[in-house]
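What follows is one structure encoded as structure tokens, with my remarks underneath.
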Amino acid sequence: MSFQLFGLPVSRGVAIGRAVLVASSRVDVAHYFINEPQVEAEIGRLRTARDAVAGELTNLKRDLPLDAPAELPALLDVHLMLLHDDALTGATKQWIIDRHYNAEWALSAQLEVLARQFDEMEDEYLRERKADLEQVVERLLRAMSKGGVASSFAPSPPVSGARDFGGEDPLVLVANDIAPADMLQFKRSVFTGFITDVGGKTSHTAIVARSLDIPAVVGAREASRIIRQDDWLIIDGDAGIVIVNPSPIVLEEYRFRQRQSELERARLSRLRHTPAVTLDGERVELLANIELPGDAPAALEAGAVGVGLFRSEFLFMNRGGELPGEDEQFEAYRSAVEAMGGMAVTIRTVDIGADKPLERMSVNELRHEHALNPALGLRAIRWSLSEPAMFRQQLRAVLRASAYGKVRLLIPMVAHVGEAHATLEALARAKQQLIEAGKPFTDIEVGAMVEVPAAVLILPSLLKVFDFVSIGTNDLIQYTLAIDRADETVAHLYDPWHPAVLRLVAQSIAQARIAGKNVSVCGEMAGDPTFTELLLAMGLRSFSMHPSQISSVKQRVLRTDVKRWASRLEYVLQSDDPAAATLELQRSFSNAPAPAATAAAVT
Ligand code: PEP
Ligand code: MG
């Protein structure tokens with residue numbers, strides 16, 4: 001039966017593929033395709049794990065103390081029975097044979113099928129056996145990882161592997177939630193789209209999806225409960241719609257749209273080497289946001305003239321709690337700097353916390369785990385200042401990278417002048433340590449992210465301390481409107497067009513310009529072409545965004561007469577509905593181009 005689900009559109013484009021349901025706790029299980037000759041060996045891994053777990057359970061039962069509760073042996077028997085049940089291991093084997101999934105993936109897929117059957121059982125006792133099944137699967141997964149396994153969403157050339165199993169079908173991942181750290185694995189994964197039940201438009205999960213340019217819908221509420229393993233899905237990442245088991249006509253329509261958007265992208269990509277200059281001659285800098293050094297080539301390819309935001313915290317994820325040491329960080333920063341070939345790379349110090357927790361369980365982390373409201377808790381610069389040794393280590397690594405190219409340092413979530421001074425003191429100490437160790441570095445500019453309304457209000461003071469500022473609109477919206485950016489239940493209230501938000505952005509840009517300091521926007525607003533003219537009118541000349549958004553924004557820049565827009569800026573800022581006012585201006589300006597206007601965009 002065909003039906004639709006609605007969520008939040010977070011990453012543009014259309015994806016069509018079969019559903020792969022993954023429980024949130026198992027998203028980081030290895031997902032990869034094996035080749036035909038590996039099928040037997042993979043089944044062997046499953047068999048070895050099953051035998052190991054059977055041994056474990058039998059030993060446990062044998063060694064039960066005499067005074068153990070009477071239910072325990074019976075429970076272990078249930079686990080043994082589930083372990084040997086063909087519905088689990090037999091069907092898992094079939095996923096390996098038919099789909100060429102690796103054993104862990106096959107097991108998770110089968111667990112999802114069985115868990116659903118348990119959920120639908122009338123009998124409460126039987127329904128509760130789902131927990132037993134999950135425990136058995138956890139044991140099997142653990143046994144397999146002991147037997148040697150690749151990392152999450154791992155190896156082999158995934159896409160070519162996908163072709164091996166006979167089905168050409170692309171796959172779409174469906175989960176209740178995906179942590180930003182797990183999203184990173186998409187860079188190497190087989191999935192062509194994803195859907196989650198929870199999440200907001202600027203949650204970090206959504207941001208990573210956008211940076212990968214993978215069509216995605218988040219906040220689709222019941223999706224992971226309603227969609228079944230292997231269902232055909234269409235993700236409309238522009239409209240936030242998921243179509244489950246579409247009819248052939250609908251499928252054809254979306255395939256057509258897919259081809260159209262590919263053509264549109266190819267057309268826009270021709271702007272890659274065109275300088276971003278407005279109709280009235282204002283030069284604009286379009287920079288890239290990156291998560292890992294490996295993203296730098298894509299930034300160059302998209303025509304970025306530097307990195308405006310390197311979210312360094314992603315280097316700290318997926319490491320089982322180990323933090324990267326100074327040398328490892330230095331190598332990562334250096335490789336980004338070298339890859340950008342002399343263009344500036346703005347490295348943000350770790351923005352850990354809120355929806356980007358660390359796996360590490362330090363005292364601070366424990367505090368974070370129990371924080372009532374982590375978005376208002378120990379995150380970003382607050383976290384760094386509370387871990388001075390870790391902070392200095394990062395600062396030394398960033399400074400050392402400056403010996404290899406232009407590096408700028410960016411501090412997230414500054415709200416107090418005291419934080420600015422504490423940061424500069426830490427930097428001075430880090431420099432001193434490098435001098436003593438005889439390690440080279442150059443002087444670097446230090447900037448603050450404007451992400452909380454307090455920072456806007458004290459910006460003149462911050463601008464005395466910092467060399468530049470970058471406006472993080474994602475958090476600025478969250479903290480101005482009191483809306484958790486990761487919470488889909490209030491996502492409809494997360495409004496970048498809110499007059500308060502626009503006035504704060506305009507005020508920040510104006511103050512930075514008065515102080516003669518560089519200002520950029522690196523939040524999602526910078527990559528959204530519907531804001532381009534307005535930001536230009538506010539005086540912004542530096543935008544930082546996902547590489548995939550650069551060409552669309554450049555197209556807008558090329559078509560904008562800034563003076564004309566600036567003359568109407570106050571009208572938009574004073575409007576109760578700035579989105580409507582902007583749209584009205586966009587329409588009226590495009591109907592009556594400015595006299596000097598020439599067709600600058602790609603036709
Ligand atoms: C922002 O808040 O706008 C920003 C760019 O930082 P992040 O999205 O990583 O919090
Ligand atoms: Mg932020």
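Here's the yes/no breakdown for (1) in the same structural domain as Ser11 (by TED's automatic domain parsing); (2) more than 25 Å from the chain's Cα centre (by Cα); (3) surrounded by 20 or more Cβ atoms within 10 Å (Cβ to Cβ):
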{"site": "Ile214", "(1), (2), (3)": "yes, no, yes"}
{"site": "Val217", "(1), (2), (3)": "yes, no, yes"}
{"site": "Arg221", "(1), (2), (3)": "yes, no, no"}
{"site": "Ile226", "(1), (2), (3)": "yes, no, no"}
{"site": "Glu252", "(1), (2), (3)": "yes, yes, no"}
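Quick grid of which residues meet (1) in contact (Cβ under 8 Å) with a residue 12 or more places away in the chain; (2) more than 20 Å from Arg127 (Cα to Cα); (3) surrounded by 13 or more Cβ atoms within 10 Å (Cβ to Cβ):
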site	(1), (2), (3)
Asn59	no, yes, no
Glu71	no, no, no
Asp77	yes, no, no
Ala87	yes, no, yes
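A Cβ distance below 6 Å, combined with a sequence gap of six or more or placement on separate chains, defines the contacts here; from the range 230-246, residues that are within 16 Å of Pro170 (Cβ to Cβ) reach residues that are among the polar types (S, T, N, Q) in the pairs Asp231/Asn245; Trp232/Asn245; Gly237/Ser11; Ile243/Gln4; Asn245/Ser2; Pro246/Ser2. Look at the range 467-484: where a residue is assigned by TED's automatic domain parsing to the domain that holds Phe310 and a partner is aromatic (Phe, Trp, Tyr) and more than 10 Å from ligand 2 (Cβ to nearest atom), sitting 6+ places away or on another chain with Cβ atoms under 8 Å, you get Ile477/Tyr494; Gln478/Tyr494; Leu481/Tyr494; Ile483/Tyr494. Within the option set Ala482, Ala415, being touching a helix residue (DSSP H, G or I) at 6+ places or on another chain (Cβ under 6 Å) and closer than 30 Å to Ala510 by Cβ holds for one residue only, Ala415. Is there a residue being in a helix (DSSP H, G or I), within 16 Å of ligand 2 (Cβ to nearest atom) and aromatic (Phe, Trp, Tyr) anywhere in the range 384-405? Among the residues of the range 384-405, not one is in a helix (DSSP H, G or I), within 16 Å of ligand 2 (Cβ to nearest atom) and aromatic (Phe, Trp, Tyr), which makes the answer no. Does Leu279 satisfy the criteria of being farther than 30 Å from Glu331 by Cβ and either out of contact with any helix residue (DSSP H, G or I) (no Cβ under 7 Å at 6 or more places or on another chain) or of a type in the set (A, V, I, L, M) (or both)? In short, yes.
Just one of the listed residues (Ala41, Ala49) is surrounded by fewer than 17 Cβ atoms within 10 Å (Cβ to Cβ), modelled with pLDDT of 90 or more and part of a helix (DSSP H, G or I), and it is Ala41.
Contact annotation: residue pairs with Cβ atoms under 8 Å, 6 or more positions apart or on different chains, pairing a residue in the range 296-310 that is within 25 Å of Val469 (Cβ to Cβ) with a partner that is within 16 Å of ligand 2 (Cβ to nearest atom) and part of a loop (DSSP other than H, G, I, E, B), are Gly308/Cys522; Leu309/Cys522; Phe310/Glu291.
Restricting the range 525-548 to residues that are assigned to a helix (DSSP H, G or I) and under 15 Å from Ile290 (Cβ atoms) leaves a set whose member that is modelled with the lowest pLDDT is Ser548. Residues considered: Val14, Val22, Val29. Of these, the only one that is modelled with pLDDT of 90 or more, surrounded by 17 or more Cβ atoms within 10 Å (Cβ to Cβ) and within 20 Å of the chain's Cα centre (by Cα) is Val14.
Every test in (1) in contact with a Ser or Thr (Cβ under 8 Å, 6 or more places away or on another chain); (2) modelled with pLDDT under 90 is passed by Leu184 save one, and that test is (1). Set side by side, the residues Ala448, Ala491, Ala454, Ala486 differ, and just one is under 30 Å from Phe6 (Cβ atoms), aliphatic (A, V, I, L, M) and within 16 Å of ligand 2 (Cβ to nearest atom), which is Ala486. Go through the range 431-447 residue by residue and tally those that are among the small types (Gly, Ala, Ser) and either more than 15 Å from Leu395 (Cβ to Cβ) or more than 16 Å from ligand 1 (Cβ to nearest atom) (or both). Here the count works out to 2.
Of all the numbered requirements in (1) buried (at least 24 other Cβ atoms within 10 Å of the Cβ); (2) part of a helix (DSSP H, G or I), Asn474 misses one, and that requirement is (1).
Residues that are within 14 Å of Ala512 (Cβ to Cβ), within 15 Å of ligand 1 (Cβ to nearest atom) and touching a helix residue (DSSP H, G or I) at 6+ places or on another chain (Cβ under 8 Å) within the range 454-475 comprise Ala455, Val456, Phe468, Val469, Ile471, listed in sequence order. Could you say whether any residue in the range 300-310 is more than 16 Å from ligand 1 (Cβ to nearest atom) and in a helix (DSSP H, G or I)? Yes, the range 300-310 has at least one match.
Restricting attention to the range 278-299, the residues that are assigned to a strand (DSSP E or B), of a type outside the set (A, V, I, L, M, F, W, C) and more than 15 Å from ligand 1 (Cβ to nearest atom) add up to 2.
Being in a helix (DSSP H, G or I) and more than 16 Å from ligand 1 (Cβ to nearest atom) narrows it down to one of Ala491, Ala428, so name that one.
None of the other options fit; the residue is Ala428.
Gly523: without any contact (Cβ under 8 Å) to a residue 24 or more places away in the chain and more than 18 Å from Gly303 (Cα to Cα), yes or no? For Gly523, the condition - without any contact (Cβ under 8 Å) to a residue 24 or more places away in the chain and more than 18 Å from Gly303 (Cα to Cα) - is not met.
The values are calculated or read from the model by the stated rules, or taken from the named source; none is laboratory data. Please read these numbers as outputs of a predicted model, since none were measured by experiment. Don't worry about glycine lacking a Cβ; one is built from the backbone with ideal geometry, like all the others, and counts go over all protein chains shown.
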